[in-house]
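J.: Have a look at this one before I ask anything.
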Amino acid sequence: VEPNAAWRDEVLRLAKERDAVILAHNYQLPEIQDIAHHTGDSLALSRIAAQSDAQTIIFCGVHFMAETAKILAPQKTVLIPDERAGCSLADSITGAQLREWKAEHPGAVVVSYVNTTAEVKAETDICCTSSNAVDVVRSIPADREVLFCPDQFLGAHVKRETGRENMHIWAGECHVHAGINGPELAERAAANPEADLFIHPECGCATSALYLSGEGIVPAEKVKILSTGDMITAARSTKATKVLVATEIGMLHQLRKAAPEIDFRAVNDRASCTYMKMITPAALLRCVRDGLDEVHVDLETAERAQGAVQRMIEIGK
Ligand code: 13P
Ligand code: SF4
């Protein structure tokens, strides 16, 4: 299937017939981002899924994102073009592991990143995304212990920003972001001294970025730790003519559209998420034509997870 005009017309016609809204995460293939009715970060897409009037949500992203949409809108049909699109970070903690961890810290408040399974969300007090994780942890009374899972790099970022001591962090990671490492960032920053650094907090290099600014190697105002959606906002307001981007490379497409005059370069151009890229033009056409793959979350799990996800979409900008 070629992502040409005929493909586009057919996908949009079939979507209309189904009363479907097509959502795409910023890491999707450029042609999928361009055909979607809405493109955005995890938080923005969850909010749109919760508010949409459409009967069907087609989620071009990974499985936990489509599951989150289903938890927020259980009466809607939620489809994902390929249900095998998983997430190594979501796989780094199970419901049983979280239950065990909670038993070791009775009374602690559990904050789970949205990159988790519905089963983990069902054991969670408040979910967060990379764009509101700091606000979510700040919303918890200072005397309560916090269990933060599953991403260790995002957890370290939140702990630094909030200065919170009573926060325990699970040792999970995303293989794509963990692979964008500190020495690589330092080398690229040294070779491009005029560039801003846009760093996703899941990256292995996030701590090194702060080291570079702390040591005055890169001016502090040039180092920005941002969710994918906040990168687009920052791209529109920066005065820099070059930006080094540390996140999954699908992000470059929206950044270049938002600020065509800026030279955006990946810190690591091999940082591609194979799960995100399973949503091909052919898979989207099949999805909208045949109504596959449908996402199901069992009712009891969905009900237990809903409060945590609802709190997530209410906190932060
Ligand atoms: P955000 O879009 O919330 O920044 O999430 C990044 C991510 O890794 C999703 O898989
Ligand atoms: Fe999961 Fe990482 Fe892929 Fe995001 S980039 S979907 S966190 S594996």
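The values are calculated or read from the model by the stated rules, or taken from the named source; none is laboratory data. Since we're looking at a predicted model, the values are computed, not measured. Ideal geometry is used to build each Cβ from the backbone, glycine not excepted, and the neighbour counts take in all protein chains shown.
J.: Could you pull out the residue among GLU83, GLU17, GLU67, GLU104 that is within 14 Å of ligand 1 (Cβ to nearest atom) and not aromatic (Phe, Trp, Tyr)?
T.: Matching residue, one of GLU83, GLU17, GLU67, GLU104: GLU67.
J.: Hey, can you tell me all the residues within the range 171-191 that are outside any helix (DSSP H, G or I), surrounded by fewer than 20 Cβ atoms within 10 Å (Cβ to Cβ), within 16 Å of ligand 1 (Cβ to nearest atom) and not small (Gly, Ala, Ser)? Walk me through it before giving the result.
T.: Taking the range 171-191 first, the residues outside any helix (DSSP H, G or I) are 171-174, 179-181.
From what is left, the residues that are surrounded by fewer than 20 Cβ atoms within 10 Å (Cβ to Cβ) are 171, 179, 181.
Of the ones still in play, those that are also within 16 Å of ligand 1 (Cβ to nearest atom) are 179.
If the condition is that a residue be outside any helix (DSSP H, G or I), surrounded by fewer than 20 Cβ atoms within 10 Å (Cβ to Cβ), within 16 Å of ligand 1 (Cβ to nearest atom) and not small (Gly, Ala, Ser), then no residue fits.
J.: Under 8 Å by Cβ, and 6 or more places apart or on different chains, what pairs join a residue from the range 185-205 that is closer than 15 Å to GLY216 by Cα and of a type in the set (Gly, Ala, Ser) with one that is in a loop (DSSP other than H, G, I, E, B) and more than 16 Å from ligand 2 (Cβ to nearest atom)?
T.: What qualifies is ALA186/ILE217; ALA189/ALA195; ALA189/ILE217; ALA189/VAL218; ALA190/ILE217; ALA195/ALA240.
J.: Looking at (1) within 18 Å of MET312 (Cβ to Cβ); (2) in a loop (DSSP other than H, G, I, E, B), which is the one condition that is false for PHE59?
T.: The one condition PHE59 does not meet is (2).
J.: Is there a residue being of a type in the set (Ser, Thr, Tyr), modelled with pLDDT of 95 or more and within 16 Å of ligand 2 (Cβ to nearest atom) anywhere in the range 235-243?
T.: Our first condition is that a residue be of a type in the set (Ser, Thr, Tyr); within the range 235-243, this holds for 237-238, 241.
With modelled with pLDDT of 95 or more added as a condition, the list becomes 237-238, 241.
Still in the list and also within 16 Å of ligand 2 (Cβ to nearest atom): none.
No, there is no match, as no residue in the range 235-243 is of a type in the set (Ser, Thr, Tyr), modelled with pLDDT of 95 or more and within 16 Å of ligand 2 (Cβ to nearest atom).
J.: Which one of these is under 17 Å from VAL120 (Cβ atoms), surrounded by fewer than 19 Cβ atoms within 10 Å (Cβ to Cβ) and either of a type in the set (D, E, K, R) or within 16 Å of ligand 2 (Cβ to nearest atom) (or both): ARG286, ARG311? Outline the logic, then answer.
T.: Details: ARG286 fails: under 17 Å from VAL120 (Cβ atoms).
Result of the check over ARG286, ARG311: ARG311.
J.: Of the residues ARG13, ARG84, ARG8, ARG99, which single one is assigned to a loop (DSSP other than H, G, I, E, B) and at pLDDT 95 or above?
T.: Exactly one residue qualifies, and that residue is ARG84.
J.: Please pick out the residue among ILE71, ILE80, ILE32 that is more than 23 Å from THR116 (Cα to Cα) and within 18 Å of the chain's Cα centre (by Cα).
T.: ILE32
J.: Another one. Just checking: which of the helices (runs of 4 or more DSSP H) contained wholly in the range 200-303 hold 2 or more residues that are under 30 Å from ALA5 (Cβ atoms)?
T.: So the answer is 228-237, 251-258, 281-290.
J.: Looking at ILE93, ILE32, ILE57, ILE48, can you tell me which residue is touching a residue at least 24 places away in the same chain (Cβ under 8 Å), in contact with a Leu (Cβ under 8 Å, 6 or more places away or on another chain) and closer than 22 Å to HIS175 by Cβ?
T.: Criteria check complete, one pass: ILE32.
J.: Report yes if PHE153 is among the aromatic types (Phe, Trp, Tyr), buried (at least 20 other Cβ atoms within 10 Å of the Cβ), in contact (Cβ under 8 Å) with a residue 24 or more places away in the chain and in a helix (DSSP H, G or I), otherwise no.
T.: For PHE153, the condition - among the aromatic types (Phe, Trp, Tyr), buried (at least 20 other Cβ atoms within 10 Å of the Cβ), in contact (Cβ under 8 Å) with a residue 24 or more places away in the chain and in a helix (DSSP H, G or I) - is met.
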